[in-house]
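The values are calculated or read from the model by the stated rules, or taken from the named source; none is laboratory data. Keep in mind the model is a prediction, meaning the values are calculated, not measured. Please note: Cβ atoms are built from the backbone with ideal geometry, for glycine as well, and neighbour counts cover all protein chains shown.
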Amino acid sequence: KSSRVTNAMSNNNNNTEETEEDLEFCESVTEGLRLNIVLMTSPFDMIMTQALGIPSPKYKDFDKYWTKTINFAQKEVQKIKKKRDNGQFLSPLEEDCYANKAFQRQEQDDNDITVKEASDAISGLVSGGVDTTSNFSSFPILHVIMNPQVQDRIYLEIMKNID
């Protein structure tokens, strides 16, 4: 297991006991996000997967971790739904989780949210911030790399503000 994941899990302040499954989930999210960034910055992987539609080895690894993340989210959402349907007690952590709040809104608004929709939303929340930020920042960085005159302007601007 990744020492970062183990340290993050063991230093939690909720006094909750982490399970092997929790650690595997954290590792799959961490590795999936890391590989996502690698895929977005690798011309080879971008051409293979996006232009040619051929999954590269890194993409296959990413897909494995992403699938594991989705499956975990679906299982957790299903667990919350089952407890709610059976009138079972939810822990404070389960009470405050996104899935429970989504099911509460469903009851109030009388609209139907499926387990898949709830787990997809959770998975999107996990990756959305990283994905959109890295996608957004990759284009300006590429622009700077490809244009020496832009590098010069940035350097001059920095030096002007440092002195």
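Overview of results
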item	result
Tally of residues being surrounded by 12 or more Cβ atoms within 10 Å (Cβ to Cβ) and charged (D, E, K, R) across region 80-104	6
Subset of region 25-44 (residues that are under 24 Å from residue 71 (Cα atoms) and touching a residue at least 60 places away in the same chain (Cβ under 8 Å))	29, 32, 33, 36, 37, 40
Unique residue being of a type in the set (S, T, N, Q) and touching a Lys or Arg at 6+ places or on another chain (Cβ under 8 Å) when the list is 50, 74	74
Test for residue 103: is it of a type in the set (A, V, I, L, M, F, W, C), over 20 Å from residue 23 (Cα atoms) and without any contact (Cβ under 8 Å) to a residue 12 or more places away in the chain	no
Qualifying residue in region 93-100 (condition: out of contact with any Phe, Trp or Tyr (no Cβ under 7 Å at 6 or more places or on another chain), at pLDDT 85 or above and over 28 Å from residue 140 (Cα atoms))	no
Filtered residue count, region 50-65, keeping only those that are modelled with pLDDT under 85 and either of a type outside the set (S, T, N, Q) or surrounded by 14 or more Cβ atoms within 10 Å (Cβ to Cβ) (or both)	1
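The rows are residues; the columns are (1) free of Cβ contacts under 8 Å to residues at least 12 places away in the same chain; (2) farther than 21 Å from residue 117 by Cα; (3) exposed (fewer than 13 other Cβ atoms within 10 Å of the Cβ).
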position	(1), (2), (3)
46	yes, yes, no
67	yes, no, yes
70	no, no, no
78	no, no, no
